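Below is one structure, written out as structure tokens, with a few remarks after it.
A short reminder: the numbers here are calculations on the coordinates, not readings from a lab. Since we're looking at a predicted model, the values are computed, not measured. Cβ sites come from the backbone with ideal geometry, for glycine too, and all protein chains shown count toward neighbours.
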């Protein structure tokens, strides 16, 4: 009859030959912890079954713990969904130059905050400011860790305990529950809503300015939804005139931050950073990892005197960008300066990909696998950008008995594959699969079909 006394001790388990390899691979402390966890699980299981696991079973469980603990939870995946800026999958993939720039500054020391010509302390903000001002003709610029932080910094600097005027139609919420009103409240600013959900008039802003003496007007671009029908709203130019007549700044939260005209790729026109500045915005805030195609960052640019105040605010240090972000962002911005964004930056290569090339690639997948059909479908930009806008791709479509089981198995592959389900077919969109991932994708599909 089995007894808990039959369980070996940790020291006895350490004498087994596989454990020596584990100690070499994972270190002794973690190995010992895994063995103890295996024994504890055996004791717990004994109370239910009355059976003591074998030595091999104990070691196998311990090895499972080690493998799980030592495997990073953040890992690369293949995005076959057709959603270019997939927020849950990390948004914009970086260009090879941006990746190299990260490696170059990560491998050793860098002049992050050191002025090499003068041999004294410098500012990390200079590494991207010249590139940003050159590209946009803004007077000054700075970078923080994301766009929510950028908006928070602007409001905290200029509007703490003061009113901020914003149209009711622009009180947006984006992914993860981020809401403009909540950020305004966190900054200490007092929200003054004007107009109605569908119609806002210049006199609404003027009346609010007269009644509340606000610190600024905030314009938030509705980048992830549209209002249609019986609508009216002042242009950014009109808002700039109203703000400047009142002697207060106009802040434009663009969100996506496009430097290229999306209309040239068959999409609707997304307001660009340059257009915002020309229209009269004194400060513009936007993300680095959306339509810019770079790393996660919040970018603020505009009038020099306003940006200088932002740089000096205590919150700026708490939300500053690190050296890896600044390196990748600088490399990404350089692609725009060199007029090579559509050929080098992954998201713009995806957006501008010819339909014929996508069809050819999907057909090659089908021919190589000997299964599936190439059908017309639709890709989306995603990332809270260009709502309802689609791009016309061709995709590989697989008709399988259990589509959900296939999708589940694909996510267990190395690397995991995230596809999409449509009309009971599993679709693989070549627009968002990087060319160098083709072999891994096909291997994952083969493995999945063999087991399903």
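Data overview
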{"item": "DSSP-defined antiparallel bridges as percent of all bridges, region 94-344, nearest 5", "result": "45"}
{"item": "Burial ordering of 68, 390, fewest other beta-carbon atoms within 10 Å first", "result": "68, 390"}
{"item": "Estimated 222 nm signal from helices in the chain, with DSSP H stretches of n ≥ 4 weighted -39500 (n - 2.57), rounded to 500", "result": "-13000 deg cm²/dmol"}
{"item": "Contact order relative to length of the chain, as percent, for alpha carbon pairs under 8 angstrom and 6 or more apart", "result": "19"}
{"item": "Considering only the chain, percent of DSSP beta bridges that pair antiparallel, nearest 5", "result": "55"}
{"item": "Full-stretch length increase - residue 207, residue 390 - with 0.36 nm per residue and alpha-carbon distance subtracted", "result": "61.9 nm"}
{"item": "Contour minus Cα-Cα distance for residue 304 and residue 4 (0.36 nm per residue)", "result": "100.6 nm"}
{"item": "Burial ranking of peptide ranges 148-155, 347-354, 106-113 (average Cβ count within 10 Å, highest at the top)", "result": "148-155, 347-354, 106-113"}
{"item": "Inter-label distance, nm, simple model (7 Å from Cα along the C-beta direction), residue 160/residue 43", "result": "5.4"}
{"item": "Virtual spin-label span in nm between residue 436 and residue 55, 7 Å along Cα→Cβ", "result": "4.6"}
{"item": "Equivalent-ellipsoid semi-axes of the chain, from the Cα gyration tensor, Å, largest first", "result": "48, 30, 23"}
{"item": "Per-pair calculated FRET efficiency, R0 = 56 Å: residue 261 and residue 30 via Cβ, rounded to 0.05", "result": "0.60"}
{"item": "Cα-projected label distance for residue 103 with residue 12, points at 7 Å along beta-carbon direction, nm", "result": "5.0"}
